[in-house]
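Below: one structure, written as structure tokens.
The values are calculated or read from the model by the stated rules, or taken from the named source; none is laboratory data. These figures come from a predicted structure and were not determined experimentally. Counting neighbours? That spans all protein chains shown, and the Cβs are built from the backbone with ideal geometry, glycine included.
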Amino acid sequence: MSNSPKRRRIRRRSPVILIGILLIWSLILGWGFSQAMESPPVSNAPAEIGTVDAVTGNLKLAQDAYLQNCATCHIGIPPAIFPTQTWRDLLQDSQHYGATLTPLVDPTRSLVWRYLRTFSRQAFEDERIPYRVNESKAFKVLHPKVELPKPLNLSTCITCHPGTNQYNFRKLSADWENAP
């Protein structure tokens, strides 16, 4: 035996093996993410949107906050009926169509504003900012051949839209289902 200390042999791993392991790991993660993000299969049946706007995630929470705070006294008005400027003014005004309201406070106010801002529209170029539904150009465009009663109020909407209490303006009464 020799007097020299035993030397341990240190084996270096090949960088090719390390790169191979990282490549396999990346492929597995990529495949997993693609499976998680994949849309559900598309069916041939037409999808029915039961509400005014198809919303998901945080906007669903915002829509619910809007309906809980606004549609308990009157029907929920679809955000696109009014321009964003009208909704902004309505949220800041404690005088709400003749009734004095306690203004919403955050975080509810922010949620409602997020929903309204996302699904409302910009005012048309020559449009005066409407404060009432019958003043809205979008409302008039959506109802081109409808003889609207005078005075028009929110309770008359249910005459043609029986689903308004469920925030469904897409469903029409039988009289209007196949109207020209």
Could you list all residues from region 14-58 that are at pLDDT below 65 and loosely packed, with under 10 Cβ neighbours inside 10 Å? 38, 39, 40, 41, 42, 43, 44, 45, 46, 47, 48
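Going through region 98-148 one residue at a time, which ones are part of a loop (DSSP other than H, G, I, E, B), small (Gly, Ala, Ser) and buried (at least 16 other Cβ atoms within 10 Å of the Cβ)?
Applying the first criterion (part of a loop (DSSP other than H, G, I, E, B)) to region 98-148 yields 98, 101-107, 120, 122-132, 136, 143-148.
Retained after the next criterion (residues that are small (Gly, Ala, Ser)): 98, 120, 123, 136.
120, 123, 136, listed by residue number.
Considering only residues that are aliphatic (A, V, I, L, M) and surrounded by 11 or more Cβ atoms within 10 Å (Cβ to Cβ), which ones fall in region 149-178?
Within region 149-178, the subset aliphatic (A, V, I, L, M) is 152, 154, 158, 172, 174.
152, 154, 158, 172, listed by residue number.
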Quick check on region 147-165. Is at least one of its residues farther than 16 Å from residue 81 by Cβ, under 26 Å from the mean Cα position of the chain (by Cα) and among the charged types (D, E, K, R)? no
